[in-house]
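Everything on this sheet refers to the single structure shown next.
The values are calculated or read from the model by the stated rules, or taken from the named source; none is laboratory data. Quick caveat: nothing in here was measured; it's all calculated off a predicted structure. A quick note on method: Cβ atoms are made from the backbone with ideal geometry, for glycine too, and the neighbour counts reach across all protein chains shown. Note: areas computed on protein heavy atoms with side chains; ligands, DNA, RNA excluded. Shrake-Rupley method; radii C 1.70, N 1.55, O 1.52, S 1.80 Å.
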Amino acid sequence: MSLGSARPAFSVRKARFIALCLLPGVVFVVLFTYYPMIRGAVIAFQQYNLFDLTSTPFVGLANFRAVLAEDRFWMALRNTGTWVVVSLFFQFVLGFGLALLLRRHFRGRGLYQAWVFFPWAMSGFLIGLLWRWMFNGQFGVINDLLLRTGIIEHRIGFLATPGWAMTSVIVANVWYGVTFFAIMIMAALQSVPRELYEAADVDGASRIRQFWHVTLPHIRPTLALIVLLRIIWILNFPDLIYSMTGGGPAGSTDIITTFLIQQVIGGDYGRGGAVGMLILGLLLAFTVFYLNATRFEKAR
């Protein structure tokens, strides 16, 4: 009888302990994730200017209409498509190649892995500053190398020319993001059972056929997930662009998140909140479409 009555008391005590352990994390997430999100959504419907906080009336969809009426917003949206698609393509291809190379056992493999993964330990803003110096039109190392090899005859203002500026920030982003795909794909490759390759060897399958019919089908769900995560990450990655070009010249490297930063720096939190809500809606719509598309491909 005493043993039976002790069990509920122990369970309640254990539940309280678990709740107390979880409480700091829950409070942190609510304060620094959900509250800013909800507050930003409310501000999107207010006339909320940092330089005039005496009156912040609700203005309905006025902020959204003002944002959608700006040509610079649509330019940023087009740039975002280029930024995401081109960066993702080269990051995925180069990262996949690196993962296949690092999967093999060779001398100094651990040192080479550490060297490849090093960029991921750096902040995006710092990497942007480094590449900004490298692409400098007057004394950047890239101009110097191109001149020494005879590829160009005159220095190029990479970050001062619209076409070259977007190419430059994409190059920097590819260099930074290759590591992510290399790490994730290499981890996925480790999960492929060795028995499948042995069976394929017995059947006389070549390395290429093993890749297409053993490796790729096994890691396809993982690839679908990391591509989705990387698309969301790249779209929400203004750090590198902002530290390299600030969105210039003439908005040629603006993406939708740098456009949002400019609204906030200008003190118009209402428009900033509206842009944030548009970004959230865009990501949600794309995520639903992408998950449905990948599920359809998997079912086929």
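For Leu20, what is the net charge nearby, where nearby means another residue's Cβ is under 12 Å from its Cβ and Lys, Arg count +1, Asp, Glu -1? Walk me through the numbers before you get to the answer.
Details: positive: Arg13, Lys14, Arg16; negative: none.
Within the 12 Å Cβ shell, the charges total +3.
Hey, how many Å between the Cα centroid of the range 187-241 and the Cα centroid of the range 147-186?
26
Arg78 versus Val141, label points 7 Å from Cα toward the beta carbon: distance in nm?
Roughly 3.5 nm, to one decimal.
Which ³J(HN,Hα) values, rounded to whole Hz and listed in residue order, are derived for the range 157-168 from phi using the Karplus coefficients 6.51, -1.76 and 1.60 in 6.51 cos²θ - 1.76 cosθ + 1.60 with θ = phi - 60°, glycine and proline given as x?
x, 3, 8, 10, 10, x, x, 5, 5, 5, 4, 5
With each run of n ≥ 4 DSSP H residues scored as -39500 (n - 2.57), what mean residue ellipticity at 222 nm is computed for the chain after dividing by its residue count and rounding to the nearest 500 deg cm²/dmol? Don't skip to the end; give the middle numbers.
Details: 14 runs with 214 residues, N = 300.
Using -39500 (n - 2.57) per qualifying helix, the result is -23500 deg cm²/dmol.
Can you tell me, using C-alpha contacts under 8 Å and at least 6 residues apart, the relative contact order of the range 70-299 as a whole percent? Working shown, then result.
On the way: 228 pairs, mean separation 70.7, N = 230.
Computed value for the range 70-299: 31 percent relative contact order.
Counting every Cα pair in the range 102-149, what percent are over 17 Å apart? Present the calculation step by step, with values, prior to reporting the outcome.
Details: 638 of 1128 pairs.
More than 17 Å apart: 57 percent of the Cα pairs in the range 102-149.
Under the Karplus relation 6.51 cos²θ - 1.76 cosθ + 1.60, θ = phi - 60°, what is the ordered set of whole-Hz ³J(HN,Hα) values for the range 133-146, x standing for Gly and Pro?
5, 5, 8, 3, x, 9, 9, x, 5, 5, 4, 4, 5, 5
Mind listing the long-range amide H neighbours of Asp268? Cut-off is under 5 Å, sequence gap 5 or more, other chains count too, H placed in the peptide plane at 1.01 Å from N.
Under 5 Å from the amide H of Asp268: Leu50.
Starting from the Cα of His213, step 7 Å along the direction of its Cβ; do the same at Gln113; then give the gap between the two resulting points in nm.
It is 3.1 nm.
Take the alpha carbon atoms of the range 250-275, find their center, do the same for the range 61-83, and report the distance between the two centers in whole angstrom.
9
So who's got an amide H within less than 5 Å of the one on Gln46, skipping anything under 5 residues away but keeping other chains? H placed 1.01 Å off N, in plane.
The answer is Val59.
Among Met244, Met122, Met75, what's the order by accessible area (1.4 angstrom probe), most exposed first?
Details: Met244 5, Met122 35, Met75 65 Å².
So, going from the largest accessible area down, we get Met75, Met122, Met244.
In what order, largest first, do Val26, Val59 sit by accessible area if the probe radius is 1.4 Å? Kindly include the intermediate steps, with their values, before the conclusion.
Working: Val26 80, Val59 45 Å².
The ranking, largest first, comes out as Val26, Val59.
With the other protein chains left in place, how much accessible area per residue, in square angstrom, belongs to the range 70-299 at a 1.4 angstrom probe?
The answer is 54 Å² per residue.
Could you order Thr161, Thr179 so the one with the most accessible surface comes first? Probe is 1.4 Å.
Putting Thr161, Thr179 in descending order of accessible area: Thr161, Thr179.
Taking the inverse of the average 1/r across all pairs of different Cα atoms in the range 247-300, what Kirkwood radius in Å do you get?
Details: mean 1/r = 0.0772 Å⁻¹.
Computed over Cα pairs of the range 247-300, the Kirkwood hydrodynamic radius comes out at 12.9 Å.
Using θ = phi - 60° and the Karplus curve 6.51 cos²θ - 1.76 cosθ + 1.60, what whole-Hz ³J(HN,Hα) does each residue of the range 208-217 get, with Gly and Pro shown as x?
Using θ = phi - 60°, the values come out as 5, 5, 4, 5, 6, 10, 10, 5, 4, x Hz.
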